[in-house]
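I have placed the structure first, in the form of structure tokens, so that the comments after it can refer back to it.
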């Protein structure tokens, strides 16, 4: 599949870089593109990470699996977001989490060492690319802070309310659609799916929320 350079130019990682410069830039960086089917593993925990992944389409989940095989959803990422950057730029290249396709997705990979080291012809895009990446890493840290805020709550009801309040704030509306299925939300909240479904029903009866499938409203 050929790259859509107009689409690429609109992504945050390439902000401030002209569409006309993208073909030469990606060639200089040694980028490569891969497609994944739903539930396909993109990167397994323990594997070495040498490239930053940019989601061109679809959804990628960052998950942590314990010794008994239970998975905790850490972050759900969509178009334009990065993954693997924390490991590819660290002193230890092994991934401490796994990444898999939560929906069919296309990923563009950029070798990290080529991003931070200028090539022989000193392409002008390198500094801008690094600035954009630092900003996106900061955004990812905010997502992880949101996760910590949610799971630090003592009760399941508090966890649910905190998550829903974050979604309402992000979407600037008290009525909003969450990006996670019930099973995915249970994994994100570190909760049992049945307990989550039951608590949502209780919260609706208590007049805290109303919902229909993935559309919620804070009352």
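Could you compute the FRET efficiency for residue 103 and residue 124, with r as their C-beta to C-beta distance and R0 at 30 Å, rounded to 0.05?
So the FRET efficiency works out to roughly 0.25.
Would any residue of the range 9-51 have its amide N under 17 Å from a label point 7 Å out along Cα→Cβ of residue 78? List them or say none.
10-13
Classify the range 153-218 from the C-alpha gyration tensor, please: rounded if a/c falls under 1.5, else prolate or oblate depending on whether a/b exceeds b/c.
In terms of gyration-tensor shape, rounded.
Quote to one decimal, in nm, the extra length available between residue 96 and residue 45 on full extension: 0.36 nm per residue of separation minus the C-alpha distance between them.
17.8 nm
Contact order normalised by length for the chain, with contacts defined as Cα pairs under 8 Å and 6 or more residues apart; what percent is it?
Answer for the chain is 21 percent.
For residue 202 and residue 64 in the same chain, what is the full-extension length gain: residue separation times 0.36 nm, less their Cα-Cα distance, in nm?
Contour length minus Cα-Cα distance gives 46.8 nm.
Starting from the Cα of residue 141, step 7 Å along the direction of its Cβ; do the same at residue 190; then give the gap between the two resulting points in nm.
Reported label-point gap for residue 141 and residue 190 is 2.2 nm.
Can you give the FRET efficiency for residue 151 and residue 175, using 1/(1 + (r/R0)^6), R0 = 25 Å, r = Cβ-Cβ distance, to the nearest 0.05?
0.50
Mind ordering 154-162, 200-208 by average Cβ neighbours within 10 Å, highest first?
In descending order of packing, they fall as 154-162, 200-208.
Given a Förster distance of 30 angstrom, what is the FRET efficiency for residue 113 paired with residue 71, based on the Cβ-Cβ distance and rounded to 0.05?
Step by step, r from the Cβ atoms, then E = 0.45.
Starting from the Cα gyration tensor of the range 7-137, take the square roots of the eigenvalues, sort them a ≥ b ≥ c, and report rounded, prolate or oblate (rounded when a/c is under 1.5, otherwise prolate if a/b is larger than b/c, else oblate).
Taking the square roots of the gyration eigenvalues as a ≥ b ≥ c, the range 7-137 is prolate.
Just need the relative contact order of the range 11-92 here, percent rounded to a whole number, with Cα pairs under 8 Å and 6+ apart.
30 percent
Tell me what the chain gives for mean residue ellipticity at 222 nm when only DSSP H runs of n ≥ 4 count, each as -39,500 (n - 2.57), the sum divided by the residue total, rounded to 500 deg cm²/dmol.
-12000 deg cm²/dmol
We did not get these values from a lab; they are worked out from the coordinates using the rules stated. Note that the coordinates shown come from a computational prediction; the quantities given were computed from them, not determined experimentally. Counting neighbours? That spans all protein chains shown, and the Cβs are built from the backbone with ideal geometry, glycine included.
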